[in-house]
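**Q** So that we are looking at the same thing, I have put the structure below in structure tokens.
The values are calculated or read from the model by the stated rules, or taken from the named source; none is laboratory data. This one's a predicted model, so the numbers in the text were calculated from it and none came from an experiment. With ideal geometry, Cβ positions are generated from the backbone for all residues, glycine too; neighbour counts draw on all protein chains shown. What goes into the accessible areas is simple: the full protein's heavy atoms, side chains included, and nothing from ligands, DNA or RNA. Shrake-Rupley method; radii C 1.70, N 1.55, O 1.52, S 1.80 Å.
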Amino acid sequence: MKKHQKRLIDLIVVILIILFSIPLIIQFQVRPLVSAIYFFLIPSIYLLSWKPRKIHRVLASSFLFGVIFGFVFDFLAVFNRAWFVPDNQLVFKFRILGLVPLDETLWFVLWIIFIIVFYEHFLERNASDTISPSYKHALIPSLFAIVAILFIYIYYPHFLKINYAYLVFGICAMLPFLYLISKKPAMIINFLKVSLFFVFVFLAYELLAVKLGQWNFPGHYVGTIKIFALEFPFEEFFFWVLISSSVILSYYELYVDNSANKTSW
């Protein structure tokens, strides 16, 4: 079987997994972390079963972007009530510092894994599984950022209060993406190909989450989006549904992928 035919079959299987998950999620009123297993983890396992050789970069990405970056972003967002997951929607009732649910950290990891696995499977041509030396350039400052944020939170929490937090943090998260496409504008094509798929996935997930009350948005936003009588902030639609996959892939290309052509960045 030719490669492009195999990829088409894999894409169809992944879409079918997600489509079959939707009625199950509605029927059993599952929680967000369980929804993530259906939407993110099961398709990732399927794709990795066909191309397991890049698991090191996938795991490195999920740790750096899901655990480290994800915690910083999630902590600031939850602190400023950009979004909120009620206790009755948590699988694990533990909240880090009484604020960030452990479920959300695990959710971020599964989300990152799916994006990277999908990208590696369908678009990435580099066969290497080595991790870029730039990885430490992102990891070390991020760890210091966590320490600094926690120090401020304990002693000067008012300094972390930000109006329209989702908008502000969303723009900040986009900066590496904007830098990368300014240096390598041709990469936007692959990012857009991936985004077209994930817009469908994330929009379906968002509508399910809002319908089932899996999360809510008690903060300040520039506007709202209404689809099928379900409302959520414009920031959620733009920063998560539309461009989050491209943003994560820009982080991946900058800090994890070890392609030879990165020496010119």
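**Q** If the Cβ limit is 6 Å and pairs must be 6+ apart or interchain, which residue in the stretch 197-210 that is closer than 12 Å to I22 by Cα pairs with which residue that is open to solvent by 20 Å² or more (accessible area, probe 1.4 Å) and not in a helix (DSSP H, G or I)?
**A** Note: pairs meeting the criteria are L207/L230; A209/W215.
**Q** Could you list, in sequence order, all residues of the stretch 182-191 that are open to solvent by 30 Å² or more (accessible area, probe 1.4 Å), assigned to a helix (DSSP H, G or I) and either in contact with a Leu (Cβ under 6 Å, 6 or more places away or on another chain) or not small (G, A, S) (or both)? Lay out the reasoning, then the answer.
**A** From the stretch 182-191, those open to solvent by 30 Å² or more (accessible area, probe 1.4 Å) are 182-190; that's our starting set.
Now drop any that are not assigned to a helix (DSSP H, G or I), which leaves 182-183, 187-190.
Within the stretch 182-191, K183, M187, I188, I189, N190 qualify.
**Q** Could you tell me whether any residue of the stretch 97-115 is touching a Phe, Trp or Tyr at 6+ places or on another chain (Cβ under 8 Å), more than 27 Å from F202 (Cα to Cα) and in contact (Cβ under 8 Å) with a residue 40 or more places away in the chain?
**A** Yes, some residue in the stretch 97-115 is touching a Phe, Trp or Tyr at 6+ places or on another chain (Cβ under 8 Å), more than 27 Å from F202 (Cα to Cα) and in contact (Cβ under 8 Å) with a residue 40 or more places away in the chain.
**Q** Now a separate question. Restricting attention to the stretch 63-83, which residues are touching a helix residue (DSSP H, G or I) at 6+ places or on another chain (Cβ under 7 Å) and either open to solvent by 10 Å² or more (accessible area, probe 1.4 Å) or more than 19 Å from F202 (Cβ to Cβ) (or both)? So that I can check it myself, show each step before the final result.
**A** Looking only at the stretch 63-83, we keep the residues that are touching a helix residue (DSSP H, G or I) at 6+ places or on another chain (Cβ under 7 Å), and these are 64-77, 79-80, 82-83.
Once the filter is applied, which keeps residues that are touching a helix residue (DSSP H, G or I) at 6+ places or on another chain (Cβ under 7 Å) and either open to solvent by 10 Å² or more (accessible area, probe 1.4 Å) or more than 19 Å from F202 (Cβ to Cβ) (or both), the stretch 63-83 yields L64, V67, I68, F69, F71, V72, F73, F75, L76, F79, N80, W83.
**Q** List pairs: first in the stretch 220-231 and of a type in the set (G, A, S), second at pLDDT below 95, Cβ under 7 Å, 6+ apart or cross-chain?
**A** none
**Q** How many of the residues making up the stretch 18-62 are farther than 22 Å from K6 by Cβ and open to solvent by 80 Å² or more (accessible area, probe 1.4 Å)?
**A** 6
**Q** Can you give me the number of residues within the stretch 216-247 that are open to solvent by 40 Å² or more (accessible area, probe 1.4 Å) and in a helix (DSSP H, G or I)?
**A** 4
**Q** Where the second residue is surrounded by fewer than 22 Cβ atoms within 10 Å (Cβ to Cβ) and modelled with pLDDT under 95 and the first is closer than 14 Å to E120 by Cβ and lies in the stretch 30-48, which pairs have Cβ atoms under 6 Å and are six or more apart or on separate chains?
**A** L47/H121
Listed here are the residues, each with its yes/no results for (1) crowded, with 17+ Cβ neighbours inside 10 Å; (2) in a helix (DSSP H, G or I).
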site: F92; (1), (2): no, no
site: L110; (1), (2): yes, yes
site: H121; (1), (2): yes, yes
site: L139; (1), (2): no, yes
site: C172; (1), (2): no, yes
site: L180; (1), (2): yes, yes
site: K193; (1), (2): no, yes
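**Q** Being free of Cβ contacts under 8 Å to residues at least 40 places away in the same chain and within 21 Å of V210 (Cβ to Cβ) is the filter here; which residues of the stretch 1-19 pass it?
**A** L19
**Q** While we're looking at this one, here's another question. Considering each residue of the stretch 220-247, count those that are touching a strand residue (DSSP E or B) at 6+ places or on another chain (Cβ under 8 Å) and more than 28 Å from Y179 (Cα to Cα), and give that number.
**A** Number of matching residues: 4.
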